[in-house]
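Here the structure is laid out as structure tokens; the discussion comes afterwards.
The values are calculated or read from the model by the stated rules, or taken from the named source; none is laboratory data. Quick caveat: nothing in here was measured; it's all calculated off a predicted structure. When the accessible area is computed, the model is the full protein with side chains, heavy atoms only, and any ligands, DNA or RNA have been set aside. Shrake-Rupley method; radii C 1.70, N 1.55, O 1.52, S 1.80 Å.
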Amino acid sequence: MNRTLTRCLLAASIAGLTAASAAQASTTLRMSHFWPDGSGINQEIFQAWADTLEEQSDGELSIENYPSQTLTRADQAYQGAVNGISDIAITAQGYTAGRFPLSQIVELPGVSDTASQGACILQSLYDDGHLVGEYDDTRVLFMFTTGPGYLHTVDHDIQSPADLSGLRIRRPTAVAGEMLERLGAQPVGMPAPDIYTSLQRGVIDGLSFPWEGMKVFRLNELANYHTQVPFYSLIFVATMNQRSFDRLSPEQQAVIEANSGMPWSEVAGRVFDGLDEAGKQEAEEAGHTVRVIDNPLEHDDWAGPLEAGIENYLSELEGRGLDNAREVYEAAMAARDACPVEQS
């Protein structure tokens, strides 16, 4: 009798440990992104989001944060979430060329003026159903953008498109790359973490980046000339492996759903705006040359190639069978009117 009871208690104990272990595995989620660990973007957006989930779930959701491409490379991060290498991935859609063509309409010049406005536009397009089909292999958490991207070089003073002739300029996406080609540059593709070394070794002459990126990736240490001509923005998505979400309890899922969508897009937008301001201030305090070209779509030198780039991109999408490309562009411009311009 005692032996039977002992065996039953032992079996129950083993079953309990197994169940506890399974529960622990299901509530610890791996989050992958390419920003540096100590950056404001990691700390004020991604780690803050992770801490919020843990707090609101009473500790039942735990996020393991893998910054600096330590789990998946930037250009493999989205597919890593699809395949379950990470449970959550945060990356630039443009790092997977051609996969998110309608989303990248938000990157076109003239769509947004700040990161807060861009985040609002992008998230609105997704919430309104214009972009859903591009993300049907993951579960989107929230979307956001950089502020406008500008031109930065080591030793070339860019005052007009003619000054870009022949220069090797890092481009973040194919959309921005086409704009650079039309402006006369030679675009070079590479993920953001690789720029510093490439600039240092002379592999590239300069780059296209928002002020935020110049600070976060310490590129103001190398670039001495900056031309503030807003010819693109870069878009991002924080997304989750659907199977990872489905394995969570209803209570845990509710916590994630409560921390998805526009509220965290707004958080990200404010953080990026603040870093844009800090990045520009850093360059100015270092005595760098900063040229400011407002409203390039109305500028005699810059408007032609940029307008041609917008038209070419939309026509290219239509040629690929995306007949709603102009509808999405018009929706983006309508969202621009509805989304506030905010700066820190």
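Please list 3J(HN,Hα) in residue order for the range 220-228, calculated via the Karplus relation 6.51 cos²θ - 1.76 cosθ + 1.60 where θ = phi - 60°; whole Hz, with x for glycine and proline.
Once θ is set to phi - 60°, the couplings for the range 220-228 become 5, 5, 10, 8, 10, 10, 9, 10, 8 Hz.
Could you tell me whether the range 38-194 comes out rounded, prolate or oblate from its Cα gyration tensor? Rule is a ≥ b ≥ c as square roots of the eigenvalues, rounded for a/c under 1.5, then prolate if a/b exceeds b/c, otherwise oblate.
Prolate, because a/c is 1.5 or more and a/b exceeds b/c.
To two decimal places, what compactness ratio does the range 71-120 give when its Cα radius of gyration is scaled by 2.2 N^0.38 Å?
Ratio of Rg to 2.2 N^0.38 Å for the range 71-120: 1.31.
Out of [x] 16.6; [y] 17.6; [z] 19.8, which label holds the value of mean projected area of the Cα convex hull in nm² that was computed here?
Only one listed value fits the structure, namely [z].
I'd like the carbon and sulfur percentage of the solvent accessible area for the range 264-323, probe radius 1.4 Å, heavy atoms only, ligands and nucleic acids excluded.
Solvent-exposed carbon and sulfur of the range 264-323 make up 40 percent of the total.
Just the number please: accessible area per residue for the range 187-344, 1.4 Å probe, all protein chains included, in Å².
Value returned for the range 187-344: 45 Å² of accessible area per residue.
How would you classify the range 139-201 from its alpha-carbon gyration tensor, with a ≥ b ≥ c the square roots of the eigenvalues: rounded for a/c under 1.5, else prolate if a/b is greater than b/c, otherwise oblate?
Since a/c reaches 1.5 and a/b is larger than b/c, the shape of the range 139-201 is classed as prolate.
What is the percent of Cα-Cα separations in the range 161-288 that go past 19 Å?
Of all Cα-Cα distances in the range 161-288, 58 percent exceed 19 Å.
5 Å is the cut-off here: which amide hydrogens, built 1.01 Å from N in the peptide plane, fall below it relative to PHE142, excluding neighbours closer than 5 in sequence?
Amide H to amide H, under 5 Å and 5 or more residues apart or across chains, PHE142 pairs with ALA238, GLY261.
Within the range 49-153, what whole-number % of the accessible surface is contributed by carbon and sulfur, with the 1.4 Å probe and all protein chains included in the calculation?
Here carbon and sulfur together make up 39 percent of the probe-accessible area.
Per residue, how much accessible surface does the range 59-138 expose to a 1.4 Å probe? Answer in Å², no decimals.
31
Is the shape of the range 251-343 best called rounded, prolate or oblate, per the rule: a/c under 1.5 gives rounded, else a/b larger than b/c gives prolate, else oblate, with a ≥ b ≥ c the square roots of the Cα gyration tensor eigenvalues?
oblate
Compute the distribution of all C-alpha to C-alpha distances in the range 114-162, in bins of 10 Å from 0, and list the percent of pairs in each, rounded to whole numbers.
Reading upward from the zero bin: 21, 33, 21, 18, 6.
Amide H neighbours of TYR232 under 5 Å, at least 5 residues apart or on other chains, H built in the peptide plane: list them.
HN-HN under 5 Å from TYR232: GLY149.
Evaluate Rg over Rh across the range 55-148, taking Cα atoms for both radii and Kirkwood's formula for Rh.
Rg/Rh for the range 55-148 comes to 0.99.
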